[in-house]
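This report refers to the structure that appears directly beneath it.
Every read-out reported here was derived from the displayed coordinates using simple, explicitly stated rules and does not represent laboratory data. Source: prediction; values computed, not measured. No Cβ is skipped: glycine too gets one built from the backbone with ideal geometry, and neighbour counts run over all protein chains shown.
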């Protein structure tokens with residue numbers, strides 16, 4: 001097979017040669033900013049709804065959070081499968097396989113986006129009812145979810161394109177596209193809510209328009225590329241091996257994301273057993289989770305991309321190094337942010353709450369979580385490395401057992417016995433530690449099995 005042309009523009013990071021410390025860092029920084037921006041733009045939806053449309057609009061938007069997380073988490077998982085598969089084929093250098101992967105991936109993403117869209121359109125009210133949505137919030141929540149769902153096909157396209165570009169080593173362009181779409185989202189939020197007085201519906205419409213803009217921008221890039229990842233509409237069709245490879249990673253990852261949200265419901269039940277002050281403090285402190293997790297997630301994505309790309313290229317020495325370097329970056333970033341959170345926790349909580357009892361309650365969570373985030377790096381980065389090796393189902397099963405079922409058992413045993421807020425928050429660090437140990441063992445075994453034939 002003739003080697004692929006190796007031209008690497010300035011915005012693309014080389015994965016199979018050069019300094020891994022430097023390249024993984026440069027690869028991760030745009031991803032990190034993308035994750036942070038996404039959090040901030042999502043917070044703007046909530047902030048604008050609450051500030052300018054009233055508490056009912058805020059409650060309506062907030063009532064859909066779990067369902068939105070479930071469906072978007074599945075689409076993000078699918079994007080991970082696309083990223084890993086594309087990176088592997090790029091490493092191998094098989095142009096036909098690359099083309100088959102990206103064209104199959106786009107169709108899979110579109111169909112998944114439409115399926116989730118129709119699920120929300122037709123079953124929004126029953127699903128919200130199962131979650132116990134308040135009667136006074138139900139109509140607004142249904143409206144928001146149904147409108148928001150119209151953007152899920154676009155979300156599928158964007159995640160697909162993001163996965164492909166990241167596999168190519170280009171994490172800057174998705175950041176640019178997200179920034180443009182996010183700014184438009186904020187502007188439209190203000191227009192629809194303040195000028196047109198559309199409340200929750202206005203926030204949803206703004207999100208949909210922004211999602212389609214980001215999808216169009218990333219499609220434009222794929223259509224205009226000159227390398228093996230160029231999209232040709234005439235070649236759009238399902239290719240069996242590519243579809244199976246994408247879904248083998250994407251579906252378990254998506255299910256894992258969804259189950260995390262469900263497992264955390266049981267944690268929230270435990271929090272809700274305390275008074276309103278503690279619940280409010282927990283909600284304020286939990287805002288740090290999303291921010292820190294998303295920063296760490298940039299290094300986990302880098303890990304999966306670099307491991308898969310070098311596996312495809314047969315670079316044995318760079319596979320384990322990619323994992324260890326990504327893990328180091330993730331651990332150090334979590335440790336630094338956790339330490340800063342412990343030091344400036346009250347200042348952070350004051351952004352979301354002004355009452356001293358609420359801030360005191362929030363500090364109980366921060367006091368434990370600030371020292372625990374770094375532990376999760378071992379779990380999440382190792383999962384990413386396993387997926388980079390093409391392993392997905394066993395890591396997902398381990399996560400389900402260690403970080404989902406374990407948490408539910410903890411709530412009904414350890415927490416049920418002590419009935420203290422620290423005994424509830426400690427489930428995070430223990431579940432992460434147990435899951436990490438099992439994931440590391442599985443990764444080492446898988447790595448050795450894969451490396452043995454490569455050495456033969």
Could you give the distance between the Cα centres of segment 201-228 and segment 380-434, to the whole Å? 35 Å
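When you have a sec, figure out the Kirkwood radius of segment 273-456 from all distinct Cα pair distances and drop it here in Å to one decimal?
Mean inverse Cα-Cα distance, inverted, gives 17.6 Å.
How would you classify segment 188-301 from its alpha-carbon gyration tensor, with a ≥ b ≥ c the square roots of the eigenvalues: rounded for a/c under 1.5, else prolate if a/b is greater than b/c, otherwise oblate?
Working: a/c = 2.64, a/b = 1.44, b/c = 1.84.
Oblate shape, in that a/c is at least 1.5 and b/c is the bigger or equal ratio.
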Return the distance in nm (one decimal) between the two label points of a simple spin-label model at residue 316 and residue 111, each offset 7 Å from Cα along Cα→Cβ. 3.9 nm
Grab the DSSP H runs of the chain that are 4 residues or longer, score each as -39,500 (n - 2.57), total them, divide by all residues and round the 222 nm result to the nearest 500 deg cm²/dmol. -28000 deg cm²/dmol
Rg and Dmax [Cα atoms of segment 20-250; Å; Rg one decimal, Dmax integer]: 18.4, 57
Calculate the spin-label point distance for residue 180 paired with residue 244, positioning each point 7 Å from the Cα along the beta-carbon direction, and give it in nanometres. 3.9 nm
Mind grabbing the base-10 log of I(q)/I(0) for segment 64-141 at q = 0.13, 0.20, 0.23 Å⁻¹? Debye formula, identical points on the C-alpha positions, no solvent, two decimal places. -0.54, -0.86, -1.01
Mind grabbing the base-10 log of I(q)/I(0) for segment 255-378 at q = 0.11, 0.13 Å⁻¹? Debye formula, identical points on the C-alpha positions, no solvent, two decimal places. -0.48, -0.62
Rough spin-label spacing in nm, given labels placed 7 Å along Cα→Cβ, for residue 216 and residue 350: 4.4 nm
Space enclosed by the convex hull of the alpha-carbon atoms of the chain, per residue, Å³: 137 Å³
Radius of gyration, Dmax [segment 319-420; alpha carbons; angstrom]: 17.2, 50
Before anything else, pin down the relative contact order of the chain: Cα pairs under 8 Å, at least 6 apart, normalised by residue count, whole percent. 22 percent
I need the semi-axes of the equivalent ellipsoid of segment 362-453: take the C-alpha gyration tensor, multiply each eigenvalue by 5, square-root it, list largest first in whole angstrom. 30, 14, 8
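When you count, for each residue, the other Cβ atoms within 10 Å and take the mean per peptide, how do 328-339, 151-162 rank with the highest first?
151-162, 328-339
Ordered by packing density, taken as the mean number of other Cβ atoms within 10 Å over each peptide's residues, highest first, how do 243-255, 311-323 rank?
243-255, 311-323
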If each part is reduced to its alpha-carbon centroid, segment 170-185 and segment 80-109 end up apart, in Å, by 23 Å
Mind ordering 126-138, 406-418 by average Cβ neighbours within 10 Å, highest first? 406-418, 126-138
